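Have a look at the structure below, then the notes.
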Number of protein chains: 4
Amino acid sequence: MSSAQRPPEAAVADAAMLREVIKVQPFTRWTGLEVIKAEDGAVETRLVLRKDDMTQHHGFLHGGLVGFLADNAAAYAAATMVGDVVTSQFTVNFLSPGIGSAFRARAQVIKAGKRQVVVRVDIIAEQDEGEKLIAVAQATILPVGER
Amino acid sequence: MSSAQRPPEAAVADAAMLREVIKVQPFTRWTGLEVIKAEDGAVETRLVLRKDDMTQHHGFLHGGLVGFLADNAAAYAAATMVGDVVTSQFTVNFLSPGIGSAFRARAQVIKAGKRQVVVRVDIIAEQDEGEKLIAVAQATILPVGER
Amino acid sequence: MSSAQRPPEAAVADAAMLREVIKVQPFTRWTGLEVIKAEDGAVETRLVLRKDDMTQHHGFLHGGLVGFLADNAAAYAAATMVGDVVTSQFTVNFLSPGIGSAFRARAQVIKAGKRQVVVRVDIIAEQDEGEKLIAVAQATILPVGER
Amino acid sequence: MSSAQRPPEAAVADAAMLREVIKVQPFTRWTGLEVIKAEDGAVETRLVLRKDDMTQHHGFLHGGLVGFLADNAAAYAAATMVGDVVTSQFTVNFLSPGIGSAFRARAQVIKAGKRQVVVRVDIIAEQDEGEKLIAVAQATILPVGER
C-alpha cells in the first residue's frame with residue numbers, strides 16, 4: 001500500500017514535495033531513489049544499482065525492486081494529480097533481465113478520476129548501449145483525500 | 001525477473017535448496033527472508049519487519065516489499081514444480097495496510113504446464129490479534145530449463 | 001465496465017435481483033448466463049456452451065467469454081456486499097483450453113472496503129471426466145453508491 | 001485462451017490471414033469484428049456496437065466485450081510477430097463507460113521473445129466528439145509453434 005502524503009493545505013504533489021516524502025519513507029530512502037521529474041501526471045524516478053544489496057544471483061536488479069519502481073512511480077504520478085493516494089493494485093510484465101548501472105521509472109497518468117487513477121509505467125535500464133525497456137506496468141491508484 | 005536457480009542435476013527446488021539460493025541473492029538476503037516450507041507447489045516464506053529500512057511513512061511494511069514477497073514466493077513455488085524459472089508477470093491487489101511485526105507469503109501453484117506456471121499468493125501480516133490477509137497476488141512464471 | 005444495478009432502497013444484490021438485472025443487460029442475456037448462487041460475497045454463475053456462436057476455431061469456449069465470466073461474477077459478488085458497482089480492473093490467467101459443455105464462474109469477495117472490493121474468481125469447465133479449473137482471475141470492483 | 005491459427009508454412013499473420021481466421025472463430029465472427037491493420041506487431045480492430053445484444057443495462061458496450069477486444073487484439077498483434085499463439089493472461093483497466101457507436105482496439109507488441117510476447121492495448125470509443133480512450137490493457141501471449 002504505497003502512498004504519497006501531503007500537508008492538508010496542498011492540493012497535489014510536485015517533485016520538491018516528493019523528495020521530502022522520500023525522507024520519511026525508510027524503504028524508499030534505503031533505495032536511494034531520486035525524483036527526476038513530477039508534474040501533471042508524469043513522473044520520472046531513478047535508482048542507482050548497488051550490487052551488494054539490490055541484486056539477484058546474476059548481479060542484475062532484483063525483480064522485487066523492479067516492482068517497487070513501478071508501484072512507487074505510479075503512486076507518485078497519481079499524487080501529482082489528486083494529492084494523497086494509496087495503491088489499489090499493480091501489474092508488472094518483465095521483458096528483459098535487470099542489467100544496467102541505473103534504472104528509471106517513467107509513469108504517466110492515463111485517467112485521473114474521482115474514484116481511481118490509472119497509470120502506465122515503463123521501467124528502463126541504463127546500459128552501455130543506451131536505454132533499454134525492461135518492464136511495463138499498469139496500476140490503479142486510489143485518492144484518499146477528505147471526500 | 002525473479003528466478004530460483006538449481007544445479008543442472010536437480011529436478012526441482014526444495015526448502016533446503018531455496019535457503020542456499022537466498023545466500024546468493026543479495027536483495028533477498030538483505031530482507032532476511034526465511035523459507036518456512038517449500039514442496040509440491042506450495043511455499044511459505046516469512047519476513048520480519050525492520051522499522052528503520054522496510055517501512056513507508058506510517059511505519060507499515062512498504063508496498064514494494066509486499067510486491068517482492070508475492071513475486072518471490074510465486075517464483076519459489078513454481079521452482080518446486082519445474083526447476084529453473086523466471087517471472088513473466090505478477091499482479092498484486094492490496095487489501096489493508098502492512099501493519100504487523102512480521103509478514104508471510106503463502107504461494108500455491110494452480111497449474112504447472114510446460115510453457116508456464118500459474119501461482120496464487122496470499123500475503124499475511126502477523127498482528128497482535130492474529131493473522132490478517134493484507135494482499136492477494138497472481139503470477140505467471142516461466143520454466144527456463146534446457147528444453 | 002460491468003455493473004449490477006439495484007433499486008435505491010435495496011442494500012445489496014441477491015440471486016433473485018441479479019436474475020432481473022440480466023434481463024436488462026442485453027449481452028449477458030445473449031450468453032444465457034444463469035445465476036446459481038449469490039450471497040455474502042460468494043457468487044456462482046453458469047453458461048451453457050453454444051458451439052455456433054461462442055467458440056474459437058477449435059470449438060472451445062472463446063477466451064473473450066472466459067474473461068466475461070470472470071468480470072461478471074466478480075462484479076456480481078461485489079454487488080452482494082456493497083450494492084451498485086463498476087469494474088475497475090480484472091486480470092485473468094488462462095490455464096487450459098475452454099473444453100466442456102458448460103462453464104461455471106465461482107467468485108469470492110476477499111475484501112469489501114469502502115473504496116474498493118477485491119474478488120477472486122475460478123472458471124471451471126464441466127467436462128465428461130468432471131470439473132476442470134480452466135482459468136483464475138482477480139478483480140477490483142468499485143462501489144458507486146450515493147457517497 | 002485466444003489463438004490465431006496459421007498454416008504451417010506461414011511464418012506470421014497478416015491482416016488478410018486474420019480476416020480468414022475470424023471466419024472460423026464463431027464468437028469473433030458473431031461480434032462482426034473487422035481487422036483494420038495488422039503488421040509488424042501493430043494491430044487495429046474495429047467493432048460496431050449492436051444495441052440489442054452487445055450492451056449492458058445503460059446501452060453501453062458491455063465490459064466483457066471490452067475485455068474481448070483487448071485479448072483478441074493482443075493475440076493478433078503477437079501473431080504478426082511469432083505466428084501461432086495462445087493468451088497466457090491479460091489485465092484490463094476500465095477508464096470510462098463504453099459509450100459510442102463503434103470501438104477500436106489498438107495493440108502494440110512491446111517485446112516479442114522466444115518464450116513470451118508482451119502487448120499493450122488501447123480500447124477507444126468512437127463518440128460524436130471524436131475518439132475517447134475507454135480502457136487500457138496489458139497481455140502476455142505465448143508462442144505455440146513447433147519449437
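A protection proxy built from the mean count of other Cβ atoms within 10 Å ranks the segments A:48-59, C:24-35, most packed first, as C:24-35, A:48-59.
Working note: Debye formula, equal point scatterers on the alpha-carbon atoms of the stretch D:8-143, no solvent; log10 I(q)/I(0) at q = 0.14, 0.15, 0.18 Å⁻¹ is -0.58, -0.66, -0.93. Distant-in-sequence amide contacts of B:Ile134, defined by a placed amide H-H separation under 5 Å and a gap of 5 or more residues or a different chain, comprise B:Ile123, B:Ile124, B:Ala125.
Of all aspartates and glutamates in the structure, the ones whose alpha carbon falls short of 18 Å from that of C:Lys132, not counting any fewer than 8 places away in one chain, are C:Glu44, C:Asp122. Helical content of the protein assembly as shown, expressed as a calculated mean residue ellipticity at 222 nm, amounts to -7500 deg cm²/dmol (DSSP H runs of 4 or more residues, -39,500 (n - 2.57) each, divided by residue number, nearest 500). Interface residues of the stretch B:84-109, defined as those losing at least 50 Å² of solvent-accessible heavy-atom surface relative to the isolated chain (probe radius 1.4 Å), are listed as B:Ser88, B:Gln89, B:Phe90, B:Thr91, B:Asn93, B:Phe94, B:Leu95. Could you estimate the translational diffusion coefficient of the stretch C:75-147 from the Stokes-Einstein equation, with Rh from the Kirkwood formula over C-alpha pairs, at 37 °C and 0.692 mPa s, in whole µm²/s? Diffusion coefficient, whole number: 252 µm²/s. Summing both sides, how much accessible area is buried between B and A? Use a 1.4 Å probe and give Å² to the nearest 100. Using a 1.4 Å probe on protein heavy atoms, the buried area is about 3000 Å². For the listed residue pairs C:Lys51/D:Lys51; A:Lys23/A:Lys51; C:Lys51/D:Lys23; A:Lys111/B:Lys111, the alpha carbons are over 25 angstrom apart in A:Lys111/B:Lys111.
Using the Karplus relation 6.51 cos²θ - 1.76 cosθ + 1.60 with θ = phi - 60°, the per-residue 3J(HN,Hα) values for the stretch B:57-73 come to 6, 9, x, 8, 4, 5, x, x, 7, 5, x, 4, 4, 5, 4, 4, 5 Hz, with x marking Gly and Pro. Distances between equivalent label points of B:Val144 across the copies, with each point positioned 7 Å along Cα→Cβ, amount to 2.6, 3.5, 4.3 nm, shortest listed first. The convex hull around the C-alpha trace of the protein assembly as shown, projected and averaged over every direction, spans 25.5 square nanometres. When the Cα atoms of the stretch C:33-82 are aligned to their principal axes, the ranges along those axes come out at 39, 16, 11 Å in descending order. In the stretch A:8-143, taking the dipole from charged Cβ atoms about the Cα centre, the farthest positive-side position among A:Leu33, A:Thr87, A:Ala13 is held by A:Thr87.
The values are calculated or read from the model by the stated rules, or taken from the named source; none is laboratory data. Just so it is clear, the structure is predicted and the values come from calculations on it, not from any experiment. Backbone-built Cβ (ideal geometry, glycine too); neighbour counts: all protein chains shown. Accessible surface areas use protein heavy atoms only, side chains included; no ligands, DNA or RNA. Shrake-Rupley method; radii C 1.70, N 1.55, O 1.52, S 1.80 Å.
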